[in-house]
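Take a look at the structure set out below.
Read the figures in this text as sums done on the coordinates, not as results from a lab. All of these numbers come straight from a predicted model, not from anything done at the bench. Cβ: placed from backbone, ideal geometry, glycine included. Neighbour counts: every protein chain shown.
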Amino acid sequence: MSWERIADLTDLPVGQPVLAELAEPVCVVRVDDDTVHAVHNVCSHQYYELHEGYVDDCLIECALHGSSFDLRTGSADSLPAVTPIPTYAVKIADGGVWVDVEQPTNDAPVPRH
Ligand code: FES
């Protein structure tokens, strides 16, 4: 695994997506006091940036056409997107949020133009 510290936990606002520019662009979302999810930042529909979207519990809605993705699994839960997005391992340690983008935790294809 290849962990990269992306922020202090206290600097991540709950319910607000944040872009982390790692080897892949990653959308990081703190959903409650001690739960953080990380997914690929590119929508699988027409490649809009998901950190511009809206969070509702464990879903993130793409701001361009409204598809929702489950932050836990990467599944596309509403049209027009039908393809899941990669999810990444997250750990909270030493007061920081760490993400491993080396190996996604699901088998979704990496969105490419
Ligand atoms: S680009 Fe995200 S739903 Fe169309």
I'd like to check something: does region 99-108 contain any residue that is closer than 18 Å to residue 24 by Cα, part of a strand (DSSP E or B) and not charged (D, E, K, R)? yes
Given the condition assigned to a strand (DSSP E or B), more than 16 Å from the ligand (Cβ to nearest atom) and surrounded by 22 or more Cβ atoms within 10 Å (Cβ to Cβ), answer yes or no: does some residue in region 69-89 qualify? yes
Taking only region 30-52 into account, find how many residues are farther than 19 Å from residue 9 by Cα and more than 8 Å from the ligand (Cβ to nearest atom). 5
Only residues that are farther than 17 Å from residue 2 by Cβ and away from the ligand (no atom under 16 Å from the Cβ): list them for region 95-113, please. 95, 106, 107
Does residue 64 qualify as being within 9 Å of the ligand (Cβ to nearest atom) and under 11 Å from the mean Cα position of the chain (by Cα)? no
Output the qualifying pairs, or none if there are none: Cβ atoms under 7 angstrom, residues six or more apart or on different chains, first residue in region 19-30 and within 11 Å of residue 100 (Cα to Cα), second residue among the acidic types (Asp, Glu) and in a strand (DSSP E or B). 22/4
Meets criteria (without any contact (Cβ under 8 Å) to a residue 60 or more places away in the chain and touching a Ser or Thr at 6+ places or on another chain (Cβ under 9 Å)) for residue 59: yes
